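Worksheet: one structure, shown below.
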Amino acid sequence: MPNPWLAIPADDYLGHMASPEVGQHQALNRILRDVLVRVRPSSVLALGCSTGNGLEHTDPSVTTRVVGVDVNPVYLARLRQRFPRPAFTLETHSADLAAYEFEPGAFDLVHAALVFEYVEWPRLLGRVAPALRAEGVLSVVLQVPSSSSPAVTPTAFTSLRSLESIFRFVVPDVLVAEAAARGLAVESRRTEPLPSGKAFEVLRFAKRG
């Protein structure tokens with residue numbers, strides 16, 4: 001079955017995420033900005049990076065390498081258009097995360113915002129952990145179930161409705177336990193309410209040993 005993400009135009013995705021009914025674009029931008037400031041990574045791996053929301057906060061005096069992975073090559077082309085001559089090394093890879101070969105021990109920060117809901121996340125977690133350097137950080141943003149809104153909020157951008165067939169909520173406590181089994185200790189965890197009435201669970205893990 002074709003991946004629904006490949007059929008969603010970049011403008012539809014951006015319009016949906018920034019719409020008043022959703023309001024997730026702004027929150028995700030702020031979350032990535034905050035983790036970049038907090039972690040101060042020299043190397044970053046952004047999973048499901050789309051068009052690079054939040055990467056404009058990269059400080060090239062701190063971060064010298066950013067790698068973005070997304071299944072949709074059109075999103076990555078838009079990302080490169082946004083950063084035509086970045087002051088840091090920018091690499092993009094169009095790949096299904098289930099098949100992507102992670103570079104071992106290469107990253108100080110791996111950021112996965114609204115990614116685990118669309119993949120076989122325990123398997124992905126087991127492959128991501130070795131990509132972190134010692135004391136490296138895994139930053140995860142999960143969508144919290146809402147009693148008043150469906151997983152994919154209806155908007156004028158109807159192409160997003162196709163994601164309902166592959167979206168699965170991730171239980172944060174289960175993620176914390178699975179991460180611990182892979183040497184990733186939870187450093188911080190908070191719930192961030194959204195204007196739409198939904199919420200994010202924002203977690204940060206550190207690789208020990």
Does T51 fit the bill of being of a type in the set (S, T, N, Q) and either surrounded by fewer than 21 Cβ atoms within 10 Å (Cβ to Cβ) or at pLDDT below 95 (or both)?
no
Please pick out the residue among T92, T63 that is surrounded by 14 or more Cβ atoms within 10 Å (Cβ to Cβ), in a loop (DSSP other than H, G, I, E, B) and in contact with a strand residue (DSSP E or B) (Cβ under 9 Å, 6 or more places away or on another chain).
T63
Let me spell it out: the conditions are (1) farther than 20 Å from A181 by Cα; (2) touching a helix residue (DSSP H, G or I) at 6+ places or on another chain (Cβ under 6 Å), and F102 meets all of them except one. Which number is the exception?
(1)
Of the residues that make up the range 133-146, is at least one loosely packed, with under 15 Cβ neighbours inside 10 Å, touching a residue at least 24 places away in the same chain (Cβ under 8 Å) and outside any loop (DSSP other than H, G, I, E, B)?
yes
Complete set of residues in the range 150-177 that are surrounded by 16 or more Cβ atoms within 10 Å (Cβ to Cβ) and assigned to a loop (DSSP other than H, G, I, E, B):
V152, T153, T155, F157, V170
Those residues that are under 16 Å from T155 (Cβ atoms) and touching a Leu at 6+ places or on another chain (Cβ under 9 Å), I need them from the range 1-14; list them, please.
P4, I8, D12, Y13
For residues in the range 178-188 being assigned to a helix (DSSP H, G or I) and over 14 Å from F116 (Cβ atoms), which is farthest from the chain's Cα centre (by Cα)?
A181
Yes or no: G52 outside any helix (DSSP H, G or I), of a type outside the set (A, V, I, L, M, F, W, C) and either over 17 Å from the mean Cα position of the chain (by Cα) or more than 21 Å from S149 (Cβ to Cβ) (or both)?
yes
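The values are calculated or read from the model by the stated rules, or taken from the named source; none is laboratory data. What you are looking at is a predicted structure, and each value in this text was computed from that prediction instead of being measured. All Cβ positions, glycine included, derive from the backbone under ideal geometry; neighbour counts span all protein chains shown.
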